[in-house]
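Read through the structure below, which is laid out as structure tokens, and then see the notes.
Read-outs: derived from the displayed coordinates by stated rules, not from any lab. None of the values given here were measured: they were computed from a predicted structure. All Cβ positions, even for glycine, are placed from backbone atoms using ideal geometry, and neighbour counts span all protein chains on display.
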Amino acid sequence: MRKILTKVLVLSGIVVFQEVLMISNSNAETLKLTQQSPDWERLNFAHNEDERCKKSDDPFIVPAYIFSTPNQSVISSPVLKITGSHTTAPQEHKQCVDQSQHRPVLFLTNREKLQYGFKDTGDGHIFVANVRHIKAGNHSHTWYVASIPVKSVTSMTFQVAMRRQPVLGVRGMHSQIRIAFNEPVILKQQFPVNTNEEIRVNELIFSFQGITKSGVEIDLTRGVDGSSLLAGGIYTTNAKLYDAFVTNSTQSMRQFRLNLPRDRMIAYIQKFINNSNYRRLSRHFGLFGSNCNSNQYYILDKVMNNFYTTVQKQNSGKIAFWDPDKAYKGLKERGLLVKEITPHEREVGARVFLATFGISGANLASHRTRHNIN
């Protein structure tokens, strides 16, 4: 009996020690582990997460709030230096971020794979949550879990959303990467769990987005004052076409075919998801620093560094890394550019999808309902 009691006490001590260690390592400010906490595999809470920001029973919502002091190594904005503004506006501090449109992609745990009926056979599939999709003609979106056949990747395309700006005219204002597969990506409704219906797509969009508190759009001010957070998300082409041409003032989605070896394309996918799963919503979005464009270059440079020549490495640093309008030059200097191809909205599939919202080439401009900077 004494031996049994001793073992119980030892095991209890180990569990308590693990909980304390995980909380300490995560630097969580107010988060407490409970029996309802996510799987142990996902206990990598960032410093700006709190269960009070959990607005839904969807287990994949990251309960994050806007935190006060941006990391200066992440945001090195010249505008911040000029204005001297290095902290979030006091009224924004600790307010929960809005994840209705954009979320960080997260890995599924082993238990969750089984819950959604995915079989991990070790054949190169990656299983994730928080993939956003919109059906044709439906203005509401749904979040999905997905089985991504990474080893079946066939091509990567760098996209730049061209939008009209006051004084500046039409210029690149957002960038993202479109990836095609020769096997289908399988999507299953995330919450409530529905494994009866499967949606199959052959392309995904990998995009970094700036998000802020509920009911607030990202604008120039919020892009430089640290009151927005960065989310690395995955979307279907439908979802990003909807964002670009139904809800935003995009004039055209330029496309640049990339030249990456197949193993480097796989490495990009893996690093993007690893990055987003680890960072979650713990980094600030900076219009002139850590933004949609610079983070794409960060990942591309990491996976392609050994393939760059000395000249390419030197020249890449001369292009404004934060500016989507300089994407053509940035990709060309890195040796990643194959050629510019037809804008996304002119493709047959895109035209058919946008037509379900009453949008065609002739009336595209009339459906640009609001302006947004990503």
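Exposure proxy ranking for Val170, Val311, based on other Cβ atoms within 10 angstrom of each Cβ and starting from the fewest, stands as Val311, Val170.
Spacing of the modelled spin labels on Lys329 and Ser100, each 7 Å from Cα toward Cβ, amounts to 3.9 nm. Applying 0.36 nm per residue to the separation of Asn194 and Lys54 and subtracting their alpha-carbon distance, the gain on full extension is 48.3 nm. With the cut-off at under 17 Å, measuring from each backbone N in segment 262-283 to a point 7 Å along the Cα-to-Cβ line of Val338 picks out 262-269.
For segment 50-367, what's the relative contact order in percent, using C-alpha pairs closer than 8 Å and at least 6 residues apart? Display every interim value, and only then the final one.
On the way: 645 pairs, mean separation 67.0, N = 318.
Rounded, it is 21 percent for segment 50-367.
Only Cα pairs under 8 Å and at least 6 apart count here; give the relative contact order of segment 101-147 as a rounded whole percent. Relative contact order for segment 101-147 comes out at 35 percent. The magnitude of the dipole of segment 50-367, with charges of +1 and -1 set on the Cβ of Lys/Arg and Asp/Glu and taken from the Cα centre, is near 660 debye.
The slack between Arg346 and Thr309, meaning 0.36 nm per residue of separation minus the straight C-alpha distance, is 9.8 nm.
The alpha carbons of segment 50-367 occupy a box of 55, 47, 46 Å along the principal axes, longest dimension given first.
Work out how much length Arg257 to Ser140 would gain on full extension: take 0.36 nm times their residue separation and subtract the Cα-Cα distance, in nm to one decimal.
Fully extending the segment from Arg257 to Ser140 adds 39.1 nm.
Which links in Lys151/Lys339; Lys55/Lys213; Lys271/Lys329 stretch past 22 Å when you go from one Cα to the other?
Table pairs above 22 Å Cα-Cα are Lys151/Lys339; Lys271/Lys329.
Ordering Glu203, Glu197 by the number of other Cβ atoms within 10 Å of each residue's own Cβ, fewest first, gives Glu197, Glu203.
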